[in-house]
Amino acid sequence: MAQQRLWVALLVILLLKSKPTESNKYVVGGNEGWTYGVHSWPNGKVFHHNNVLVFNYQAGIHNVVRVNRHEYENCQPNPNSKTHDSGHDQLRLKRGMNYFICSLPGHCNLGGMNIAINAH
Ligand SMILES: [Cu+2]
């Protein structure tokens, strides 16, 4: 009987540990993908930290750079920032504010290729 209780305890631990970690994926911009005017895509959506954003676009046409608020507001990434340019980039949301822009000239400030997401 003691062994049975041990198994139950183990099962409970496993179930608790496998609680959803909110690693759901969201395709940025939906069918349109990561493109001009994507700025408003996050509106009305709820995101959690560890959610994964999928940026789909034609490689060479756009890119994705994770930036901070200041860089986001100026559409100017830090030169040391990593530029994602595979055309199918997956980036994980951190708790709090997350900012992403396309760093190609004009795409952020004129084309609206900048999104700000608050992850709970
Ligand atoms: Cu672009």
| query | So how much slack lies between residue 40 and residue 69, counting 0.36 nm per residue of separation and subtracting their Cα-Cα distance, in nm? | reply | 8.8 nm
| Placed amide H near residue 104: partners under 5 Å, 5+ positions off or other chain | 63
| Given a 1.4 Å probe, how much area per residue of segment 21-119 is accessible, in Å²? | 55 Å²
| query | Leaving out ligands, DNA and RNA, what percent of the accessible area of segment 21-119 is carbon and sulfur, probe 1.4 Å? | reply | 46 percent
| note | Long-range amide H partners of residue 118, meaning residues 5 or more apart or on another chain whose placed amide H is closer than 5 Å, are 98
| message | Probe radius 1.4 Å, ligands and nucleic acids left out: which of 46, 52 has the largest accessible area, and how do the rest follow? | response | 46, 52
| query | At q = 0.20 Å⁻¹, what base-10 log of I(q)/I(0) does the Debye formula yield for segment 21-119 when every alpha carbon is treated as an equal point scatterer in vacuo? | reply | -0.95
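The values are calculated or read from the model by the stated rules, or taken from the named source; none is laboratory data. Since the model is a prediction, treat every value here as computed from it, not as a measurement. Just so you know, the surface numbers come from the protein's heavy atoms only, side chains and all, with ligands and any DNA or RNA stripped out. Shrake-Rupley method; radii C 1.70, N 1.55, O 1.52, S 1.80 Å.
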